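Data block below; observations after.
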Amino acid sequence: MIKRNKVRVALFLLAGCITMNGQAEAINEDKINAIMQHFQVPGAAIGIVQNGQVIAAKGFGLKTLGKPDPIDADSIFKIASNTKAFTTAALAILVDEGKISWHGKVQRYLPDFKLYDPWVSRQFTLIDLLTHRSGLGLGAGDLMLWPEPSSFSRQEVMHNLRYLKPAGEFRADYAYDNLLYIVAGEIIPAVTGQSWEQFVEQRIMRPLGMNHCFAGQVSEAKQQDLATPHGMVNGKLQAIIRAIDYSKPSVSAPAGGIQCSLNDMLRWVTVQLAEGKIDAKQGLFSQAQHKMMWQPQTIMPLSASSKRRDNSHFSAYALGWRVNDMNGTLQVHHTGSLAGMYSFVSLFPELDLGFVVLTNQQSSAARSALMYSIMKPFLGDTQTDWMAEFSPKTSPQASKKMNTPPLVSYPTANISQSENSDYLGTYVDPWLGRFVIATHADGSLLIHSQRVEKLIGSLYRLGHDSLLIRWHDRSLEADAIMHFTRNQKGEVSGMTMLPESSDIDFSYDFQDLNFTKIIESE
């Protein structure tokens, strides 16, 4: 364990950055409450580990808006993409056991694995699954996963990868993806006979005593500990409810499905900072695998804001973790984002220091403001107002949000069948399946997906053969624009889609869809 910069940390302790008295008062609660109020976050759980000890673990606010149950350190949150480090750790255990190799070809373990390019498919290794350098576009195929519930199986997701055309160069271009982590999760049953859920719970969570953490269904005894997801819907904070059948495995689980409490996440952080050691006698994974998981693999773009806020000089993706430098110190970190639940884990191994932020509101600004407010004092910044830093800036170029009125004037009435009946019918995309455009009882046109039940919306005319979809579930924040194509006879033969706004989450990869209209036989 590297112990550099201990003197600097000790000086901050003496200066009063945190107060040591039994369990440390390491969190400025007034700042946390102010940030939560400002960004309308109903509940959060925040904790800090230092030198192998939990020095702070506290819940703030409510599990569910309008109900009295408070958040505490055992409240259970969806950690979303912070799951990826668990999937990677599961594979590391199997590498330690000699059952797989990081450099092994995926097709050796999963013969049905195929991408669009046959050569890339043959060359693809386990490391390639985990490092966002596949050549696929940003979030390609994520519509098979979200919005939940998804009707796709993990086997279908893996099969449909072959239909996704590359948008970049294999092993050269960084583009975040989720589907390949699902493939990585399928390595586990292929070599062990256990499901991803069983392996992660039995081989990672239980040895660490993570009894409020679940890769699969949350136990009945812990249901009362679940926090409720929230988000801004039509300008108002609301609970976001998804009709998910939790008796079935979540298709996206290896990429983002773990649900966990703050106390258990702090156990996870502690073993990460201990390089895989649980105690003096046992380890979760070897030091060699620890080193491998934190080794930079894919260069990531370094934003101007990161340079300004963090004095960063590099950014890269490792195996389930992002790594960069912050004020001269190595940071190992990841965020997680799902509808109504955002998380942030940040580790500083040179300081033997780790932070966890869990929230039940889908605000990236709130998540960042909370993390920076507890993290930056340990790195010497006790002055910056992180709530102000991460608050949206108002300017003519400010981001347009889907829950506010659109910037262009859309019709107030739906397009009707009488306006263009040849839009009616069934359209099929190779990987997302069928969408149907049909007539509503009032004569307007609706579109709905046969595989993704939340994708149902009303159609509005924008221009010639160009329509706007406004999804009925406004919590999606993901309206789309449809463009129809016609054959030589002038008949509608297909359609494509695009996100209506550049601010829409990349997982709504409408641009990757290419529909052909099905001609019904007489």
Based on this model, can you work out whether Ser507 counts as touching a Gly at 6+ places or on another chain (Cβ under 6 Å) and of a type in the set (Ser, Thr, Tyr)? yes
Within the range 330-339, track down each residue that is surrounded by fewer than 20 Cβ atoms within 10 Å (Cβ to Cβ) and farther than 28 Å from Ser475 by Cβ. Leu330
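One line per residue, one yes/no per condition, for (1) part of a strand (DSSP E or B); (2) open to solvent by 20 Å² or more (accessible area, probe 1.4 Å); (3) in contact (Cβ under 8 Å) with a residue 60 or more places away in the chain; (4) of a type in the set (D, E, K, R):
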position	(1), (2), (3), (4)
Val345	yes, no, yes, no
Ala369	no, no, yes, no
Ile374	no, no, yes, no
Phe378	no, no, yes, no
Asp381	no, yes, no, yes
Return yes when Ser507 is in contact (Cβ under 8 Å) with a residue 40 or more places away in the chain, in a loop (DSSP other than H, G, I, E, B) and among the small types (Gly, Ala, Ser) and no when it is not. yes
Would you check if Asp96 is without any contact (Cβ under 8 Å) to a residue 60 or more places away in the chain and farther than 19 Å from Leu266 by Cβ? no
Condition test on Ser150, is it of a type in the set (Ser, Thr, Tyr) and under 30 Å from Ala73 (Cβ atoms)? no
How many residues of the range 85-140 are in a loop (DSSP other than H, G, I, E, B) and touching a helix residue (DSSP H, G or I) at 6+ places or on another chain (Cβ under 7 Å)? The answer is 17
In the range 348-357, is there at least one residue being within 13 Å of the chain's Cα centre (by Cα) and open to solvent by 10 Å² or more (accessible area, probe 1.4 Å)? no
Regarding the range 194-211, can at least one residue be identified that is open to solvent by 30 Å² or more (accessible area, probe 1.4 Å), among the aliphatic types (A, V, I, L, M) and modelled with pLDDT of 95 or more? no
The range 476-499 - residue that is at pLDDT 95 or above and surrounded by 21 or more Cβ atoms within 10 Å (Cβ to Cβ) and, of those, farthest from Gly336 (Cα to Cα): Met495
Consider Ser134 carefully, then state whether it is more than 30 Å from Asp264 (Cα to Cα) and either small (Gly, Ala, Ser) or within 20 Å of the chain's Cα centre (by Cα) (or both). yes
Scan the range 444-469 for residues that are in a loop (DSSP other than H, G, I, E, B) and either of a type in the set (D, E, K, R) or open to solvent by 10 Å² or more (accessible area, probe 1.4 Å) (or both) and report the count. 6
The one condition in (1) part of a loop (DSSP other than H, G, I, E, B); (2) touching a residue at least 60 places away in the same chain (Cβ under 8 Å); (3) not acidic (Asp, Glu) that Ala441 fails to fulfil: (2)
How many of the residues making up the range 187-223 are polar (S, T, N, Q), touching a residue at least 12 places away in the same chain (Cβ under 8 Å) and within 26 Å of Pro147 (Cβ to Cβ)? 2
Candidates Lys277, Lys248 - the one that is open to solvent by 50 Å² or more (accessible area, probe 1.4 Å), on the phi < 0 side of the Ramachandran plot and over 21 Å from the mean Cα position of the chain (by Cα): Lys277
Could you list all residues from the range 208-227 that are over 20 Å from Thr87 (Cβ atoms), in contact with a strand residue (DSSP E or B) (Cβ under 6 Å, 6 or more places away or on another chain) and not in a loop (DSSP other than H, G, I, E, B)? Asp225, Leu226
Can you tell me which residues in the range 69-84 are out of contact with any His (no Cβ under 9 Å at 6 or more places or on another chain) and part of a helix (DSSP H, G or I)? Ala80, Thr83
Filter the range 64-80 for residues that are on the phi < 0 side of the Ramachandran plot and surrounded by fewer than 23 Cβ atoms within 10 Å (Cβ to Cβ) and give the result. Thr64, Leu65, Lys67, Pro68, Asp69, Pro70, Asp72, Ala73, Asp74
Restricting the range 280-291 to residues that are out of contact with any helix residue (DSSP H, G or I) (no Cβ under 7 Å at 6 or more places or on another chain) and open to solvent by less than 70 Å² (accessible area, probe 1.4 Å), the residue that is nearest to Gly354 (Cα to Cα): His290
Of the residues Phe60, Phe39, which single one is modelled with pLDDT of 95 or more, aromatic (Phe, Trp, Tyr) and either more than 24 Å from Leu358 (Cβ to Cβ) or touching a Pro at 6+ places or on another chain (Cβ under 9 Å) (or both)? Phe60
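The values are calculated or read from the model by the stated rules, or taken from the named source; none is laboratory data. A quick note: this is a predicted structure, and the numbers were derived from the prediction, not measured. Positions of Cβ are backbone-derived with ideal geometry, glycine not excepted, and every protein chain shown enters the neighbour counts. Protein only, heavy atoms only, side chains kept; ligands, DNA and RNA dropped before computing areas. Shrake-Rupley method; radii C 1.70, N 1.55, O 1.52, S 1.80 Å.
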